[in-house]
Structure formats: C-alpha cells, structure tokens
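A quick write-up on the structure given underneath.
The values are calculated or read from the model by the stated rules, or taken from the named source; none is laboratory data. Small disclaimer: the values here were computed from a predicted structure and weren't measured. Every residue, glycine as well, gets a Cβ built from its backbone with ideal geometry; the counts of neighbours run over all protein chains shown.
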2 protein chains.
Amino acid sequence: MEFVINNECFNKAITDVSKAISLKTTLPILSGIKIVANRDGVILVGSNSDIVIEKVIHLMVDDEKVLEVYETGIVVVSAKYLSEIAKKLPKDIHLRANEKQVVTIQSDEIISTLNGFHSEEYPRLPQIDETACIKISSIELIDIINQTSFAVSKSESRPVLTGVNLSFNETHLSCAATNSQRLAFREIPIETDVKGSFIVPSSSLNELTKLLKNEVDTIHIFVTDNYIVFKSKTVSLFSRLIEGNYPNISGLLPKETKTIIIMNTNQLLKGIDRACLFANEWKNNNVNLEIKEGSKLRISSNSTEIGKIEETQMIKMIKGEADFSISLDGSFLMDALKAIKEEEIRMSFGGPMRPVLIEPLDNPSQLHLISPVRTY
Amino acid sequence: MEFVINNECFNKAITDVSKAISLKTTLPILSGIKIVANRDGVILVGSNSDIVIEKVIHLMVDDEKVLEVYETGIVVVSAKYLSEIAKKLPKDIHLRANEKQVVTIQSDEIISTLNGFHSEEYPRLPQIDETACIKISSIELIDIINQTSFAVSKSESRPVLTGVNLSFNETHLSCAATNSQRLAFREIPIETDVKGSFIVPSSSLNELTKLLKNEVDTIHIFVTDNYIVFKSKTVSLFSRLIEGNYPNISGLLPKETKTIIIMNTNQLLKGIDRACLFANEWKNNNVNLEIKEGSKLRISSNSTEIGKIEETQMIKMIKGEADFSISLDGSFLMDALKAIKEEEIRMSFGGPMRPVLIEPLDNPSQLHLISPVRTY
C-alpha cells in the first residue's frame, strides 16, 4: 500500500474516525484505524462495540488533487500514534505499508515507522441494504437530536431509556427521549418509504451531531436488524440499535389542565439558572414556581444552611386557576428551555403533583414534560 | 454594611480573589471572601495557607462612578455562592449585611440572602513595612516568572526546589528554578535598595502571572520575614516564603565545552515535539540528538514495540567536536525552548554525560541547563 495525501484532509479524517475509537478497548485491534487504499480513494474506519465511523477521502476535493494512490492495500495502525504523528507533520504525507504491516509515514525530512496490526483481524462492517432509505437534511437532523437526546436516562437500569426513539411513518420522523421523570419529543415532516421505530443510543447520536456539525449535506439513513446507518457524501456512522420496546409516549401526555401560562423563554431560563444556585445541596435540584397576584411568577429556591434566592417575572398570559405552586427539578426545566428556539413558551399545569407540559408557542411539533418533585 | 456596586467590577474582583480560595480548606472561614466596605472603597480578600489576594475597588474607575458606600462594615461570605450569584445578576449589585452576618444581594427583581461567617475569625493579613520596596514593570515580572517557574521540582521531597529563587542585589533581580535535573535562570537589571534571596512557591508566582495578565502597571515588591508581597494599584498578592537554603547556581554551570551548535529555536522545538511522540512509553521522555556529517542534527526516538520517528535539521553553526550524541528528556528541552523568545539558540555540550547548556543567541541574561538521560 502506498499513497501521498494532503495533510489537512488526512488529519480531518483521522480526527473524525477517532471519535469511534476507545483507548480502553478489550480488543487491541480496535485501538487502530483501518486504512483502505483503493484506486479511487482512501477509506479510514474507526470502531467500538457501539459505533463504526467510516470516512472516504476522494482523489479530488473542490477540484483540487488531495490524494495520489500508488499501490492499493489495507492496513490497521494505532489511532493514537497515527493521529499524534500526522498532526505534527508540516506538509503532504507519504504513507507506505509493507507486507509485514510496518507503516512508514514521511513528510519532508521527517520519517516515522509504526508497527501495524493484521488487517484480516479487523471486524467486518455490518452489511446494509441500500435500497430503502430515508433522506433528511443534516441541519434538521442535528436539530431534532439536540432537542431531545439530553432527556435520555443516564442509568443503565432500563437500557431502552438510554436511547432516543426514532419513529418513521409515511409522513413524519419523530424523536422521543425520556428518563421517566422528564420527556422530550420532536416531530418533523419527511417523505420516506421506510416505516418503523428504532432505539438509538444517545451516545451514537451525540457523536453524529459532532461529525455533521460543519457539513451541510443530505443525510441518507438506512436500517438493518441491528444497525442504523447515517451517511453523508464522505462520512458514514453505523450505530448499534438498542433492543426492546420503547414506552408509549402518547399515554404519558396529561389529559387535564388547570392552569396555562405564557412566559418569555430566555428570561425564564435565566431565572431558573439563578434559582439552581443551591443545586448541589439536594438530590433533586429543587426550584419552586409560584403564581403571585394572578400575574407574576415567583421563582425561588433555598437551603436552610446556606441561604436563599428568589425573583419574580411577569406572566405574559394566564388561563385557569391563578393560585398555584409547584416544585420542579431546575436542571430538567433548563434543559427543556434551552431546547426551545421560540421566543415564548406555554406551560400547562394539571396540579402540584402532575407533570408540567412545556411547549413553544405557535409550534406544535415540540413538547417537553417534567414531573414535579415532592417537597416535604 | 451596605453598598451598590457596578456588576462587572464586582465580578472581576470576586474572580481575582477567588484564585486564592481553595474548596478543600480545613478552616471553613477560608472558603469565604472577606468584604470590607470603607468610605473610599471596598476591599475583597481571599486566602489560603500559601497566599492572600486583596483587591481594592475604588469609588471611581476611569472617571466613572462604580461604587457607592452607604454604610461601612466587614463581612465574610461563601466565595462559591457569592461568585455564582454575582455572575448571574443582570445589573448593578446592591449588597447589605446585618448584625447577624446575613448578607442580602439584590439586583433588579432578584433577591438572594446568604448566611455569612463571623468576620472576627478571619485570619489577619501579614504586616508589611512599606518603606523598602522594589519596583518592576508587570510585563517584565510576568516574563521572568514564565521563563523560569516551569523548571521547579514537582516533588515535595526537597521543599526549597518547589520554589523559585528570587535574588535582589543593587543592580539586578535574578530568578532561578531547578528540579536538580534541569535549571532555568533569568536575570534583569533593576534599581532597588532591597538586598536578599527569597524562595517563593511556584504556585504563588503562577497565580500572580494570571492576576497581572491584563494589567500594565508598576508592581511594588515588599518582603518580610515570612512573606513576599506583590502590589499593583488595585491588587495585592501576599505569598508565604519557603524556608531553607537555595542551591548555589553558579556552581552548577559547566566549565568545559566540547561542542557548540547554533540552531533555529522554533524549528528545533517542533522537531523535539515530534520526537516526544513515544513520550508515555518511558519514565524519562527520551529524545536522542546526534550530530551527523558535521552539519546536521538528527533528532530521534523509538519504542521497540510501537515504532520510531526521526528527522534531521540543519545546524546553523558548529564549533568543536563534530562527532557527538546525547539523550535528553524531550519535555525538559521543549520547556526550555518555549521560554526563549529569540530566534536562535546556542547549545553547548560538555560530553554525553554532562549537562547541556541552552542559551538564546545574543542574550546573556537567560540560560537553561538540562542533564542527560542514561540510555542502556
């Protein structure tokens, strides 16, 4: 195997696939990057037990030659050392591998050799049927992930809750995440011939949003029995699916509402942030909300030993009972408010022990549900 | 005590004095900031067993009123909670303390109260004789600290080596730091009537450089038996001195030189950085330097299991024996090269087991000494 590659392209590709590589892998070969040189491009692969990231470098990028392949071949080489060397090299990188898996990396007057792994031992990629696929813009995909994935459970006690539930029907893609104390839900219209409901680990989706951050592209989504694949022009992310049945979201939505208020999203976020001051003092990051004089929201929290904080904010609109008080986990409320881009939100209360529904005003495609905290 | 203070000034002062406050203090009151309101200003104090930082906020800053004191007084309040509250407040901050040490912090519609400490329990500041002082520009002071303090010992086995030795005579201030494997030395001309040699903890000096980073000011230095004080117009840092005798630097300097070479500082730094690739594979971060063909420097390192790296750089000038090879701790060499601003350096070798002397070309006020590493 032998090729000469543009420094910046090679480093970007190494950084991208390294996101899938864990230093603490039990299978030593997975600490390596698989490099496949073909006549028409070089493919880098990094993987762990949950995800596989594959990056293609074509011969030309934006009409500029970035790669010349002299000899095709496959090699697997330490991700850690390859990335450390490559980022410190000044110019184009000349990479060779001999039949003994010794990889020589040269740039200018600098020569490094690394002992590679036997590439035959590298796990095979899952096979994907590319006929049925869903198309979505990378920007929309990042948006719906960011607006929901924070709500997954951090505990492994119910594995399905550590994932985000992606559901496709003919007209819509919906994303839901819950840790059973709070729920985030978002829906967008798409056209697809794929139907079904899949639970994707939130860690995979978070890696995906980082990978796609600077790409404006159409993402193709494929699904097999065990894997979901997100594919742009140059990068593919394969994620393991979580097995099991996801809870029925519609059953969780409150049926009755006693009080509805409309608040300024950003102002409320700042107020809750301040009220979270004594956050470390409790297990549940308690913040108290109380409607005062029918037109103001009093936000407060206190710690007997340290002190207290309170403020009042104007309610934009109120409907229903005006005498109301509830305690919530302030960090859950902040997460929900951060996920809402709209200027105003509607909060619907069913009672002090009923979950609060938070929705952007004039946008029925997103909702957040937060269960109250008992205070005694 | 009662005053209204500009948000930005108050936050900056809290951040500055908080640098001296440790969360893991055994004396609870030292987790607090002491606030002293006088008619002509407010003083904030933060301290731990090694350093005290005192910040003065005057009534006016740049002809703008930033502070109004309604009632003088003293209070000590949790640094953690005060700083978290203050940075989230939107406008001018109104601070009051009552006779029960309850501190009320108000801004706009937001009110917070914190339970304070009894201010009488706060340790007294060391008394300084302000008649004898050394004056130095903050920029020069930061420079000489940054060029030496990295070389101190990280181990507490010889406490004097964890400090930087500041020596004043009539005409010069010199700074020296060593961990007994490497030494950094810098000298600058100053005029002073203070004489003596003091060992200052490197941690204090590092805090000092952070404090003074954005201040262009003349720093006044005072010394007492146990403390050294660095004072600008608005901020003072008191540091404990380390007791003991500092090693005699001049005795360490090599007397004989076999080979002298001149190299480009930045290019050599980059080469050593690359050669440090396998740094984690050894206890001493070994990098081998070898003179080749009388005109080139070969920089290399290798690890039998992983691989190797090497490069050659042009020597600008060579004097003495041209057949030479030595192994050094690459990270020590990088630290020394980073401390040198000049474009070229002179390296003087006395033999493969003698320390290497590194000096900026055309600047006799700075030197670095690094002992070689045995390779077998």
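Give the residue, chosen from B:S236, B:S204, that is assigned by TED's automatic domain parsing to the domain that holds B:V152, outside any helix (DSSP H, G or I), of a type in the set (S, T, N, Q) and farther than 30 Å from B:E305 by Cα.
From the options B:S236, B:S204, the qualifying one is B:S236.
Does B:S295 qualify as being more than 25 Å from the chain's Cα centre (by Cα), within 14 Å of another protein chain (Cβ to nearest Cβ) and more than 24 Å from A:A86 (Cβ to Cβ)?
Spelling it out, B:S295 is indeed more than 25 Å from the chain's Cα centre (by Cα), within 14 Å of another protein chain (Cβ to nearest Cβ) and more than 24 Å from A:A86 (Cβ to Cβ).
Can you pull out the residues in segment A:145-174 that are surrounded by 14 or more Cβ atoms within 10 Å (Cβ to Cβ) and small (G, A, S)?
Residues satisfying the conditions are A:S149, A:A151, A:S153, A:G163, A:S167, A:S174.
Can you find even one residue in segment B:56-78 that is among the charged types (D, E, K, R) and either under 25 Å from the mean Cα position of the chain (by Cα) or buried (at least 20 other Cβ atoms within 10 Å of the Cβ) (or both)?
No, segment B:56-78 has no match at all.
Across segment A:1-28, what is the total count of residues that are among the basic types (K, R) and outside any helix (DSSP H, G or I)?
2
Which condition does A:A336 not pass, out of (1) closer than 30 Å to B:K100 by Cβ; (2) part of a helix (DSSP H, G or I), if it passes all the others?
(1)
Which one of these does B:I358 not meet: (1) within 28 Å of the chain's Cα centre (by Cα); (2) closer than 26 Å to B:S174 by Cβ; (3) at pLDDT below 95?
Of (1) within 28 Å of the chain's Cα centre (by Cα); (2) closer than 26 Å to B:S174 by Cβ; (3) at pLDDT below 95, only one is false for B:I358: (3).
From the list A:V216, A:V223, which one is closer than 26 Å to A:V17 by Cβ, out of contact with any helix residue (DSSP H, G or I) (no Cβ under 9 Å at 6 or more places or on another chain), of a type in the set (A, V, I, L, M) and modelled with pLDDT under 95?
Answer to the check: A:V223.
Only one of these is of a type in the set (A, V, I, L, M, F, W, C), away from chain B (no Cβ under 14 Å) and touching an Asp or Glu at 6+ places or on another chain (Cβ under 6 Å): A:I242, A:I262. Name it.
A:I262
Conditions: (1) assigned to a helix (DSSP H, G or I); (2) among the aliphatic types (A, V, I, L, M); (3) surrounded by fewer than 22 Cβ atoms within 10 Å (Cβ to Cβ); (4) touching a Gly at 6+ places or on another chain (Cβ under 7 Å). B:I318 meets all but one. Number of the miss?
The single condition B:I318 does not satisfy is (1).
Does B:V52 satisfy the criteria of being crowded, with 19+ Cβ neighbours inside 10 Å, within 14 Å of chain A (Cβ to nearest Cβ) and assigned to a strand (DSSP E or B)?
Against the criterion (crowded, with 19+ Cβ neighbours inside 10 Å, within 14 Å of chain A (Cβ to nearest Cβ) and assigned to a strand (DSSP E or B)), B:V52 does not qualify.
Only one residue in B:K80, B:K91, B:K19 is outside the structural domain of B:L205 (by TED's automatic domain parsing) and free of Cβ contacts under 8 Å to residues at least 60 places away in the same chain, so which one is that?
B:K80
Can you tell me which residue within segment B:55-104, out of those that are within 17 Å of B:K12 (Cα to Cα) and among the β-branched types (V, I, T), is nearest to the other protein chains (Cβ to nearest Cβ)?
Step by step, filter segment B:55-104, then rank; the result is B:I85.
Among what's in segment B:61-88 and is part of a loop (DSSP other than H, G, I, E, B) and at pLDDT 95 or above, pick the residue that is nearest to B:V42 (Cα to Cα).
Per the stated criteria, the residue is B:T72.
Would you check if B:Q101 is modelled with pLDDT under 95 and outside the structural domain of B:A336 (by TED's automatic domain parsing)?
Here the answer is yes, as B:Q101 does meet what is asked.
Among the candidates B:L337, B:L252, B:L328, B:L289, single out the residue that is touching a Pro at 6+ places or on another chain (Cβ under 9 Å), away from every other protein chain (no Cβ under 14 Å) and under 27 Å from A:K91 (Cβ atoms).
Unique residue meeting the criteria: B:L328.
Please find, among A:K316, A:K338, the residue that is among the basic types (K, R) and in contact with a strand residue (DSSP E or B) (Cβ under 8 Å, 6 or more places away or on another chain).
A:K316
Of A:I249, A:I242, A:I260, A:I291, which residue is surrounded by fewer than 20 Cβ atoms within 10 Å (Cβ to Cβ) and either more than 22 Å from A:E359 (Cβ to Cβ) or at pLDDT 90 or above (or both)?
A:I260
Which condition number does B:T304 fail, the rest of (1) over 22 Å from B:F185 (Cα atoms); (2) in contact (Cβ under 8 Å) with a residue 24 or more places away in the chain; (3) within 14 Å of chain A (Cβ to nearest Cβ) being met?
In the conditions (1) over 22 Å from B:F185 (Cα atoms); (2) in contact (Cβ under 8 Å) with a residue 24 or more places away in the chain; (3) within 14 Å of chain A (Cβ to nearest Cβ), B:T304 misses (2) alone.
Go through B:I33, B:I85 for me and flag whichever is of a type in the set (A, V, I, L, M) and either closer than 30 Å to B:Y227 by Cβ or touching a Phe, Trp or Tyr at 6+ places or on another chain (Cβ under 8 Å) (or both).
Unique residue meeting the criteria: B:I33.
Considering segment B:29-49 alone, what residues qualify as being of a type in the set (A, V, I, L, M, F, W, C) and either within 14 Å of chain A (Cβ to nearest Cβ) or free of Cβ contacts under 8 Å to residues at least 60 places away in the same chain (or both)?
Those that are of a type in the set (A, V, I, L, M, F, W, C) and either within 14 Å of chain A (Cβ to nearest Cβ) or free of Cβ contacts under 8 Å to residues at least 60 places away in the same chain (or both): B:I33, B:V36, B:A37, B:V42, B:I43, B:L44.
Please enumerate the residues belonging to segment B:105-119 that are within 10 Å of chain A (Cβ to nearest Cβ) and closer than 16 Å to B:G46 by Cα.
B:G116
Out of B:I370, B:I315, B:I326, report the one residue that is under 24 Å from the mean Cα position of the chain (by Cα) and either closer than 30 Å to A:Q101 by Cα or not basic (K, R) (or both).
Exactly one residue qualifies, and that residue is B:I370.
Condition first: touching an Asp or Glu at 6+ places or on another chain (Cβ under 7 Å), in contact (Cβ under 8 Å) with a residue 60 or more places away in the chain and polar (S, T, N, Q). Can you find one or more residues in segment A:206-223 that meet it?
No; the residues of segment A:206-223 include none that is touching an Asp or Glu at 6+ places or on another chain (Cβ under 7 Å), in contact (Cβ under 8 Å) with a residue 60 or more places away in the chain and polar (S, T, N, Q).
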